[in-house]
1. When the Debye formula is applied to the Cα atoms of segment 21-113, each taken as the same point scatterer, what base-10 log of I(q)/I(0) results at q = 0.13, 0.15 Å⁻¹?
2. For segment 116-217, report the convex hull volume of the alpha-carbon atoms normalised per residue, in Å³, without decimals.
3. Tell me, what is the 1.4 Å probe accessible area of Lys44, in Å² to the nearest 10?
4. Taking all protein chains as present, what is the carbon and sulfur share of the accessible area of the chain, in % to the nearest whole number, probe 1.4 Å?
5. With all protein chains present and a 1.4 Å probe, how do Arg242, Arg74 order by accessible area, largest first?
6. In what sequence, largest accessible area first, do Leu72, Leu14, Leu93 appear using a 1.4 Å probe?
7. When all protein chains stay in place, what accessible area (Å², nearest 10, 1.4 Å probe) is found for Met126?
8. Which residue, Phe249, Phe194, Phe152, has the most motion in a Gaussian network model of the chain that connects Cα atoms within less than 10 Å?
Amino acid sequence: MIGVETKPGVIENLTSVEEDLYDLKNLIKLSHIASIPLDDLTKKILASGTPKTIPLDQIYQDSRAKSGDFQLDRPFDPPEVWAAGVTYKNSELERRRESGTPDIYSNIYNADRPEVFFKSTEERCMGPFEELGIRSDSNWDVPEPELAFVIFRGEIIGYTIGNDMSSRSIEGENPLYLPQAKLYDLSCSIGPCFVSSQTIVDPHNLDVNCKVVRSNKEVFSGTTSTNQMARTCEEISDWLQRSNTVPDFTTVLTGTSIVPPPDFTLSEGDIVIIEISSIGVLENTIITV
Ligand code: DO4
Ligand code: MG
């Protein structure tokens, strides 16, 4: 189903009004073909019937318990996930600290061309309440809570939440190991909510919070704002798509500023909860892969 939050905490089931609209990709394509902005189309469809409503809390509770009629999922299957790195001062500073070649991080932070790397395939990218992995050959692992944007026909059509899971020990050993630090089984998650760029006009002023819960105790928490990002989403999207055509629904993580202290590493069973204002909450449990 496609759930639409029309009032805070209330989800209206769009699929209960228009059953042909079974997923978000479908809805976005229809909005493009009909040349009607996504939010306007959604409102029009909801107004054409009497949608069933469900409290948002209920959907989160059911998804966590894996019970009930509706479970949160990825907003869509992303054909490719890319990520930008060192877009926040904090990421640059923390990576300089761990690296044997610290200058590469300052150089990239200050360069015109951003660092953009391939982060995930559809199969390795998980949804909310699914397991995320730490590598068995890594001994320092962190979540990276990141604002993510979604590309359709070359343009940014909206935003979601991403977790750029990272092995700091592997990346720190040698920057050429970055693909192994970043891309492995269960190394990424996105979702659960998608918010159109019609609703989020300015993605550069959103609060980002992350906490890690271990045995019911909070063992790490951090907070930032996307107003600390040194680059814009448009700029990252432009660089990514130079001489590189990306498929519709390619999702791009925009970098982290929340970096746990060097003595913190994720463990099996940890729960990572990422919240971005105006978007939602992404929760995953950690396992070793
Ligand atoms: O350069 C390494 C990756 C950086 C990154 O993922 C980030 O800053 O979020
Ligand atoms: Mg990152």
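The values are calculated or read from the model by the stated rules, or taken from the named source; none is laboratory data. Remember, it's a predicted structure, so these values are computed and weren't measured experimentally. Quick note on the areas: whole protein, heavy atoms, side chains included, nothing else; ligands and nucleic acids left out. Shrake-Rupley method; radii C 1.70, N 1.55, O 1.52, S 1.80 Å.
1. Debye output, listed in q order: -0.77, -0.83.
2. So the per-residue Cα hull volume is 134 Å³.
3. Probe radius 1.4 Å; accessible area of Lys44 about 130 Å².
4. In the chain, the share of accessible area belonging to carbon and sulfur is 47 percent.
5. Largest accessible area first, the residues go Arg242, Arg74.
6. Leu93, Leu72, Leu14
7. Around 30 Å² of this residue is reachable by solvent.
8. Phe152
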